[in-house]
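The values are calculated or read from the model by the stated rules, or taken from the named source; none is laboratory data. Since we're looking at a predicted model, the values are computed, not measured. Note that each Cβ is placed from the backbone with ideal geometry, even for glycine, and that neighbours are counted across all protein chains shown.
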Amino acid sequence: MALQTAIPVDFDAYFPRGAFMVGEVEPVAKWSDDGKREGQDLDKNTGHPLWQVRVIDADPDARKGQNEVSVKISSVTEPQAPPEAHGLPFRPIVFDGLSVTPYVKETGGRPRVAFSLRAREMKAAPKTRGGE
């Protein structure tokens, strides 16, 4: 049987060096078939509004230009961004209930496999202790 749902994945497995939120939490736009915006998109499973955050993968070996991803969060209320770290525009974060859905992305050239990320919750990353 083919996999019918998103694949649950551990945050530390997907982001082994951590992740940083950039920008703000934004609602995911819902679009009509004729290209008109129709408000905020809803999660098909929960019916809750969808929010998205831009995330930088802290792994220095992440493919250049592909170290920024978007993570969608299904939540009745807007998820709250953790505070900025030391006045920088980056916020160290972790996601609970992270899942990935692979899909084929058509990019004008050769199609490639891409991943859609979803999470149940976003929270501030625990503070590191002396470079551990």
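Looking at (1) without any contact (Cβ under 8 Å) to a residue 12 or more places away in the chain; (2) under 23 Å from Thr5 (Cβ atoms); (3) surrounded by 15 or more Cβ atoms within 10 Å (Cβ to Cβ), can you tell me which one Lys105 breaks?
(3)
Restricting attention to the stretch 58-73, which residues are of a type outside the set (A, V, I, L, M) and either over 19 Å from Pro102 (Cβ atoms) or modelled with pLDDT under 90 (or both)? Talk me through it step by step, then tell me what you get.
Pass one, the stretch 58-73, residues of a type outside the set (A, V, I, L, M): 59-61, 63-68, 70, 72.
Once the filter is applied, which keeps residues that are of a type outside the set (A, V, I, L, M) and either over 19 Å from Pro102 (Cβ atoms) or modelled with pLDDT under 90 (or both), the stretch 58-73 yields Asp59, Pro60, Asp61, Arg63, Lys64, Gly65, Gln66, Asn67, Glu68.
Sort out for me the strands (runs of 3 or more DSSP E) sitting completely within the stretch 1-41 that have 3 or more residues that are closer than 18 Å to Ala125 by Cβ, modelled with pLDDT of 90 or more and in contact with a strand residue (DSSP E or B) (Cβ under 9 Å, 6 or more places away or on another chain). First the steps, then the outcome.
Values: elements: 19-27, 29-31, 37-40.
Where strands (runs of 3 or more DSSP E) fall fully within the stretch 1-41 and carry at least 3 residues being closer than 18 Å to Ala125 by Cβ, modelled with pLDDT of 90 or more and in contact with a strand residue (DSSP E or B) (Cβ under 9 Å, 6 or more places away or on another chain), they are 19-27.
Using beta carbons and a limit of 7 Å, which pairs, at least six apart or on different chains, have the first residue in the stretch 46-59 and among the polar types (S, T, N, Q) and the second one crowded, with 19+ Cβ neighbours inside 10 Å?
Hits for this filter: Thr46/Ser74; Gln52/Val71.
Matching residues to (1) touching an Asp or Glu at 6+ places or on another chain (Cβ under 7 Å); (2) surrounded by 16 or more Cβ atoms within 10 Å (Cβ to Cβ):
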position: Arg17; (1), (2): yes, no
position: Val25; (1), (2): yes, yes
position: Leu50; (1), (2): yes, yes
position: Ile56; (1), (2): yes, yes
position: Val76; (1), (2): no, no
position: Arg91; (1), (2): yes, yes
position: Gly97; (1), (2): yes, no
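When you go through Val104, Val113, Val76, Val69 one by one, which is the residue that is hydrophobic (A, V, I, L, M, F, W, C) and either under 13 Å from the mean Cα position of the chain (by Cα) or under 16 Å from Gly18 (Cβ atoms) (or both)? Full working, then the answer.
Working: Val104 fails: either under 13 Å from the mean Cα position of the chain (by Cα) or under 16 Å from Gly18 (Cβ atoms) (or both); Val113 fails: either under 13 Å from the mean Cα position of the chain (by Cα) or under 16 Å from Gly18 (Cβ atoms) (or both); Val76 fails: either under 13 Å from the mean Cα position of the chain (by Cα) or under 16 Å from Gly18 (Cβ atoms) (or both).
Result of the check over Val104, Val113, Val76, Val69: Val69.
Residues are listed down the side, and each one gets a yes or a no for (1) free of Cβ contacts under 8 Å to residues at least 40 places away in the same chain; (2) closer than 24 Å to Thr5 by Cβ; (3) charged (D, E, K, R):
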| residue | (1), (2), (3) |
| --- | --- |
| Met21 | no, no, no |
| Gly35 | yes, no, no |
| Gly97 | no, yes, no |
| Leu117 | no, yes, no |
